[in-house]
1. Taking the stated definitions as given, is Arg89 of a type in the set (Lys, Arg) and modelled with pLDDT under 95?
2. Please find, within segment 121-146, the residue that is nearest to Val56 (Cα to Cα) out of those that are surrounded by 19 or more Cβ atoms within 10 Å (Cβ to Cβ) and of a type in the set (D, E, K, R).
3. Listed residues Thr165, Thr181; which is under 23 Å from Arg133 (Cα atoms), surrounded by fewer than 19 Cβ atoms within 10 Å (Cβ to Cβ) and without any contact (Cβ under 8 Å) to a residue 24 or more places away in the chain?
4. Regarding Thr69, is this residue modelled with pLDDT under 95 and surrounded by 15 or more Cβ atoms within 10 Å (Cβ to Cβ)?
5. Only one of these conditions is not met by Pro118: (1) within 29 Å of Asp152 (Cβ to Cβ); (2) crowded, with 23+ Cβ neighbours inside 10 Å. Which number is it?
6. Keeping to segment 210-240, report how many residues are within 21 Å of Val25 (Cβ to Cβ), of a type outside the set (Lys, Arg), in a loop (DSSP other than H, G, I, E, B) and modelled with pLDDT of 90 or more.
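The values are calculated or read from the model by the stated rules, or taken from the named source; none is laboratory data. This is a predicted model, so every value here is computed, not measured. Note that we place each Cβ from the backbone using ideal geometry, even for glycine, and neighbour counts take in every protein chain shown.
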Amino acid sequence: MVALAGLALIGLVALVRPDTADPFVPAGPSWELLETSRFCAAASASPVPTITPTSVVNQKNGYLIPIPTEPSLHAAARMSCYLAEAVPRLLPSVTCHRLNDAEPFEAYVGRSFDPNRPEETAPPFFTAEALVRDERGTGEVSFGMSPRYEDDDSARAGCSGPPCTVRTGPHGELVTVLDSTMASGVRLVNVSVYKKDTITTASAMNGVLAATPADPGRAYSDSDYRRTRDDLPITVDQLIAVAAAPEMDLFP
């Protein structure tokens, strides 16, 4: 494998695997190293704020949601640049595969704030995800960013007992870890890291969504998932470390 130090120069390394033994890994390109140059170049450009600094009241709990002034595409590029370098560094033996139309760990805008429809478009959020495979099998890993929409007390109250636990992050952040296992044996971990004005999320699963075709509007049940490895493809501590990094912040 090419040394990680050359990641930004090497760029995209695509491996065509049409005959993969895993029926839940899509045929087509996979990546041992992820392309970073175009994301990092876009992230290094000076952002031009697109909206006046503002906030929106969360109608559910009265919390004042801060809205970032950074353009959404610039924030997505920052997130992509970081994740495309950080995740392969933690998982050097995996190949990455698309989980959606984006490249592995390429961040996309899940919701963009519209000042003309503030209540309907807050909080804005960003998502990046991938299927990852190594000799132990296949799993899913995903990350997200959004502005804060609740305080620490509310977060703790929502994580008051198993399968949810409260932890402290590497910089003293409040962290909640929801760790559940389906009847099928599929284990899903959802991590939330509460920073000053940002909530970052990280998830991992030792299985995949087996229902086809995938329908974003459908509520899936346990029977729609298949366990495809015994363990998570990334540890809970690694998920927390990535989510707690300063690069995963909407108010840099």
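1. yes
2. Applying the filter and picking the extreme gives Glu129.
3. Thr181
4. When the stated conditions are applied, Thr69 does not pass them.
5. In the conditions (1) within 29 Å of Asp152 (Cβ to Cβ); (2) crowded, with 23+ Cβ neighbours inside 10 Å, Pro118 misses (2) alone.
6. 6
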